[in-house]
Amino acid sequence: MLQEPYHEATKGDDVHSTISATVLPFRDIILNEHSKSSLLLFAGALILFLIASLNIMSLFVAKYYAQQRIFLIHHALGANTRHLLVLIFSEVFFMMLCATGSSLIFAAWGVG
């Protein structure tokens, strides 16, 4: 709490008054008594994000495990490891680009 005396002189008379101001952190003003519930909400969202990420990673692993025969054929025909990695990266990049675009469209639709 910040309290300082404020002196003001008007027409020769000394008028003494005290002005007090309370300075609070911005976080306390916004969260107030809801800080614990907002932290729990953030933790839940983070756990949900981790579960979704692990799900997508397992789908990619299952997809490339199913394509293992195709990769072996590419390797037998002369493709080296770099070419196979470029093939995998190009497929993943295209899927991530489509997912990012669709999520931006949904986010703009949800905000507007």
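Simple spin-label estimate for Arg69 and Asp28 gives 6.8 nm between the two label positions (7 Å along the Cα-to-Cβ direction from each Cα).
Across region 21-33, rounded Karplus estimates of 3J(HN,Hα) from the backbone phi angles (6.51 cos²θ - 1.76 cosθ + 1.60, θ = phi - 60°) give 9, 10, 9, 10, x, 4, 4, 5, 5, 6, 7, 6, 8 Hz, Gly and Pro being marked x.
Multiply the residue separation of Val86 and Ser20 by 0.36 nm, subtract the distance between their alpha-carbon atoms, and state the gained length in nm to one decimal. Walk me through the numbers before you get to the answer.
Working: separation 66, 0.36 × 66 = 23.76 nm, distance 6.66 nm.
My answer for the length gained is 17.1 nm.
Rounded if a/c is under 1.5, else prolate if a/b beats b/c, else oblate: with a ≥ b ≥ c from the C-alpha gyration tensor eigenvalues square-rooted, which is region 57-112? All intermediate terms of the calculation are to be shown ahead of the outcome.
Numbers: a/c = 5.31, a/b = 2.76, b/c = 1.92.
It comes out prolate by the Cα gyration axes.
By how many nm would the segment from Leu39 to Ile51 grow when fully extended, if each residue of separation counts as 0.36 nm and the alpha-carbon distance is taken off? Don't jump to the answer; show the numbers that get you there.
On the way: separation 12, 0.36 × 12 = 4.32 nm, distance 1.84 nm.
2.5 nm is the gain from fully extending Leu39 to Ile51.
The numbers here are math on the coordinates, done by the rules we state, and not lab data. In this text, all values refer to a predicted model and were calculated from it rather than measured experimentally. Methodologically, a virtual Cβ is constructed for each residue, glycine included, from the backbone with ideal geometry; neighbour enumeration extends over all protein chains shown.
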